[in-house]
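Novice: Quick one: the structure is below, questions incoming.
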Amino acid sequence: MSTPKKKGWALPLGIIVIIFAVVGLIVSVIGAVNAVKGVVDNSTKEKETYQKLLIPVVMNDIDEFDDVTKANMSQLIEASVWSIIKSDISTDKYATEDGVLLFPQEDVEKAFTKLFGTDVEIKHQSVTSTAFQFEYDAGKKAYKVPITGVDPTYTPRVLDISKKGNNIILTVAYVSGSDWVQSETGEMVPPEPSKYVKITLRKKDKSYFINSIQSASAPETIKK
């Protein structure tokens, strides 16, 4: 059995950080565009906070669900792993083995709980898509994460925040991550949203978690 090593991957990790810095830049540009259009209100900071939270959930367009207990477990794990990648990863925190990072399942569980709460119990498993694979190693109790980049399908743009009882309801536009264009003046212009969803955050034990993702119509205020 090979011994995990903690060296030789600073450059590839830097690539990951750069890739997700680009995602963060897109979200920041969305905020700047909103400011130029005069639609920024007192909750702008709050919207930006939610946008950052939602990046790993929105980026690969996981399936909608009416209740998190009925969601696709593989996709919830996928979002949890991406949330770790999107965070400020220390270059000496995770070991590498055969060209992959090893994310301890405990870290994935913490990310899972932060996003989706404790109403659904995580069932560790490998995650596979057309672009990547996060292999779960039960023996090592870790996820093997390839040191490669993946372009996000969408980035989130929070349009509205409302509260109903203990729930926070976010109206979110899914903006294509690859269809941005540059104007004649050099400004980055986002494409029209591909779709809209309502994401409900439910409060439990003084924290909020994603309880549902449901399709929605474009808000009247932004319809042309």
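Novice: How many residues are over 17 Å from the mean Cα position of the chain (by Cα) and crowded, with 22+ Cβ neighbours inside 10 Å when one looks only at the stretch 158-170?
Specialist: 0
Novice: If I filter the stretch 198-217 down to residues being of a type outside the set (Lys, Arg) and more than 19 Å from the chain's Cα centre (by Cα), which single residue comes out as most open to solvent (accessible area, probe 1.4 Å)?
Specialist: The initial filter retains those residues of the stretch 198-217 that are of a type outside the set (Lys, Arg), namely 199-201, 205, 207-217.
With the extra rule that they be more than 19 Å from the chain's Cα centre (by Cα), the set shrinks to 205, 216-217.
Details: Asp205: 128, Ala216: 29, Ser217: 90 Å².
By that ranking, first place goes to Asp205.
Novice: Which numbered condition in (1) open to solvent by 10 Å² or more (accessible area, probe 1.4 Å); (2) modelled with pLDDT under 95; (3) in a strand (DSSP E or B); (4) not aromatic (Phe, Trp, Tyr) is the only one that Thr155 fails?
Specialist: Failing condition for Thr155: (1).
Novice: Right, another one. Report, by residue number, each residue of the stretch 94-108 that is in contact with a Ser or Thr (Cβ under 8 Å, 6 or more places away or on another chain) and either among the hydroxyl-bearing types (Ser, Thr, Tyr) or within 25 Å of Tyr208 (Cβ to Cβ) (or both). Step through it out loud before you land on a result.
Specialist: Residues of the stretch 94-108 that are in contact with a Ser or Thr (Cβ under 8 Å, 6 or more places away or on another chain), as a first pass: 97-98, 102, 108.
Scanning the stretch 94-108 gives a single hit, Val108.
Novice: Quick one: how many residues across the stretch 98-122 are open to solvent by less than 10 Å² (accessible area, probe 1.4 Å) and without any contact (Cβ under 8 Å) to a residue 40 or more places away in the chain?
Specialist: Going through the stretch 98-122 one residue at a time, the tally reaches 2.
Novice: Consider Val150 against the criteria (1) at pLDDT 90 or above; (2) at negative phi; (3) surrounded by 15 or more Cβ atoms within 10 Å (Cβ to Cβ): it satisfies all of them except one. Which criterion is unmet?
Specialist: Result: Val150 passes all but (1).
Novice: Let me spell it out: the conditions are (1) at pLDDT below 95; (2) surrounded by 13 or more Cβ atoms within 10 Å (Cβ to Cβ); (3) over 20 Å from the mean Cα position of the chain (by Cα), and Lys140 meets all of them except one. Which number is the exception?
Specialist: (1) is the only condition that Lys140 fails.
Novice: What are the residues in the stretch 54-93 that are over 17 Å from Phe134 (Cα atoms) and buried (at least 21 other Cβ atoms within 10 Å of the Cβ), if any?
Specialist: Leu54, Ile55, Val58, Ala71
The values are calculated or read from the model by the stated rules, or taken from the named source; none is laboratory data. Keep in mind the model is a prediction, meaning the values are calculated, not measured. No Cβ is skipped: glycine too gets one built from the backbone with ideal geometry, and neighbour counts run over all protein chains shown. Note: accessible area is taken over every heavy atom of the protein model, side chains too, but ligands, DNA and RNA are not part of it. Shrake-Rupley method; radii C 1.70, N 1.55, O 1.52, S 1.80 Å.
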